Amino acid sequence: MADPRGFLKVTTRQDRPKRPVPVRILDWKEVQVAQNSAVLKTQASRCMDCGVPFCHVGCPLGNLIPEWNDLTWREQTEKAVERLHATNNFPEFTGRVCPAPCETSCVLGINQPAVTIKQIEYTIAEQAFEGGYIEPIMPDRMLDKTVAVVGSGPAGLAAAQQLTQAGFTVAVFERDDKIGGLLRYGIPDFKLEKDIVDRRIEVMKAEGTRFRTGVDIGKDITWDDLKRRYDAVIVATGATAPRALPIPGADLEGVHYAMPYLTEANRVVAGDLEEPTINAAGKHVIVLGGGDTGSDCIGTAVRQGAASITTLAIGAQPPADRADHEPWPMFPKVFEVSSSHEEGGERKYLASTVEFMGENGKLTGLKVAETEYLPDGRRVPKAGTEHVIPADLVFLALGFTGQENDNITTQVGADLDRRTNVARDENYMTNVPGVFSCGDAGRGQSLVVWAIAEGRACAAAVEKHLTGSTELPSPVAPSDRAIDLVL
């Protein structure tokens, strides 16, 4: 009998050998599957029960959720596709990797399970491509203005598509060999297969967006040169500087940041590398950090054949239900189980890492202590509770500290804020006229839905700056508060 998600292959009782050997079949294909059409229609119909919708509160894009849910229930797919794309450039991405803050704001969630908004969004997006409803949107007229977008993650792509469709000549610069940013190299295929990214890029190319890969702005082309060549420059380089863990032994072989590990694995799946240099096969793996990035490390290590996987979190295990101080429609911090957690591994909380242990320069284990909360709120290792956990590999998935490109400051003079993000004003412009900042590069590491919203808003700011027009929508302001997760 096969697990409906394709995770496991299990023999029936009749076929089972005398000494059963469980067989785990895990490939890199997406684990998310389309919802049963009858269930989907039922879920969409539930949306009509809320009276006054609050799902918009949780969605920075301002998605017209009740509208496309109603159209889904009425089986008017083409209209549902149109309403979904009216506010979201890439619902096929958000339907897969967004944590769905809209669902935590669903009115029905007050006293019953929320509508499965994310699953409906995913299904509409797939129906859009399968039904041929996604066609290039060509501008009514071409303008004599050029814009350079640096970075091809969701923020950069959203800004580029908005401006291209408005008639600007747009070039997207990416330092990697392929377009997509963290969509391509930071998110594993089991959550987002890369042909999903490629098919959207092909649509954007047909619309007229130009893509330049393998170009590292600041090295191959200076920021000053880019500014002179284009009427406006958008910095959408992300916030990829990893947060370190400055404890003894951090330089041991076997201690790695999460993102290089995930990037290599993605390149192997894509066929660009034969074997990863960081391989969890047969090794005892520890992941530090309990967010999405840590979860991606778990799923990747499972597929590589790790001997064991343990996730350590310094804080307490979140509650199963909303806490009183996070009432509806706020985004609650609750205990979540991703598909990667279901696949294997152990999760431990209140675990403070004290020291990386090693021999001859190689990691052998982690010295860990119980976390103690001090009266001032600080979390420290509790004396006398130290113990060592064997480990061959440790992945640091502790979040990010800001953008990593100092050339933006030294070459063009853009200021950074106290979090090392590229500072901008209320119109997404930096202190350098004509240079804008959006997405994680401007607000810090956040959600994919915030990146798309900021890309759209930044495009509107560029349009107003260059032409005085305010036709493009601007869903969020730079000062809006992000609903951040621990990454």
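The values are calculated or read from the model by the stated rules, or taken from the named source; none is laboratory data. All figures in this text were calculated on a predicted structure; none of them were measured in a lab. Counting neighbours? That spans all protein chains shown, and the Cβs are built from the backbone with ideal geometry, glycine included. Heavy atoms of the whole protein, side chains included, go into the accessibility calculation; ligands, DNA and RNA do not. Shrake-Rupley method; radii C 1.70, N 1.55, O 1.52, S 1.80 Å.
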In the stretch 228-285, what residues are more than 27 Å from VAL150 (Cβ to Cβ) and open to solvent by less than 30 Å² (accessible area, probe 1.4 Å)?
-> GLY249, LEU252, GLY254, VAL255, PRO276, ILE278, ALA280, VAL285
Any hit, the stretch 139-150, residues being open to solvent by less than 20 Å² (accessible area, probe 1.4 Å) and assigned to a helix (DSSP H, G or I) | no
Filter the stretch 110-138 down to residues that are closer than 14 Å to ARG46 by Cβ, out of contact with any Asp or Glu (no Cβ under 8 Å at 6 or more places or on another chain) and assigned to a loop (DSSP other than H, G, I, E, B) and give me whichever is most open to solvent (accessible area, probe 1.4 Å).
-> ASN111
Residue that is nearest to VAL269 (Cα to Cα) [pool: residues in the stretch 286-305 that are of a type in the set (Gly, Ala, Ser) and surrounded by fewer than 23 Cβ atoms within 10 Å (Cβ to Cβ)] = GLY305
Answer from VAL255, VAL268 - the residue that is of a type outside the set (D, E, K, R) and within 26 Å of ASP198 (Cα to Cα) = VAL268
Go through the stretch 374-421 and give me each residue that's without any contact (Cβ under 8 Å) to a residue 12 or more places away in the chain and outside any loop (DSSP other than H, G, I, E, B).
-> THR409, THR410
Please determine, by comparing only the residues of the stretch 431-466 that are of a type in the set (S, T, N, Q) and touching a Gly at 6+ places or on another chain (Cβ under 9 Å), which one is surrounded by the most Cβ atoms within 10 Å (Cβ to Cβ).
-> GLN445
Residue pairs meeting the criteria (Cβ under 6 Å; at least 6 apart or on separate chains; first among the basic types (Lys, Arg), in the stretch 154-176; second modelled with pLDDT of 95 or more) = ARG175/ASP216
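Taking the stretch 341-373, which residues are open to solvent by 90 Å² or more (accessible area, probe 1.4 Å), closer than 30 Å to ARG303 by Cβ and in a strand (DSSP E or B)?
Hits for the stretch 341-373 are GLU346, GLU359, LYS362.
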If you check LYS367, LYS348, which single one turns out to be under 27 Å from THR385 (Cβ atoms), free of Cβ contacts under 8 Å to residues at least 24 places away in the same chain and not aromatic (Phe, Trp, Tyr)?
-> LYS367
Residue that is nearest to the chain's Cα centre (by Cα), among those in the stretch 188-243 that are assigned to a loop (DSSP other than H, G, I, E, B), of a type in the set (Gly, Ala, Ser) and farther than 25 Å from PRO99 by Cβ | GLY214
Conditions (1) touching a residue at least 40 places away in the same chain (Cβ under 8 Å); (2) open to solvent by 20 Å² or more (accessible area, probe 1.4 Å); (3) assigned to a strand (DSSP E or B); number of the one not met by ALA477 | (3)
Quick one: LYS118 ticks every box in (1) closer than 22 Å to PRO60 by Cβ; (2) of a type in the set (Lys, Arg); (3) touching a residue at least 40 places away in the same chain (Cβ under 8 Å) except a single one, so which number is it?
-> (3)
Of all residues in the stretch 292-319, count the ones that are assigned to a loop (DSSP other than H, G, I, E, B), over 16 Å from SER352 (Cα atoms) and of a type outside the set (A, V, I, L, M, F, W, C).
-> 3
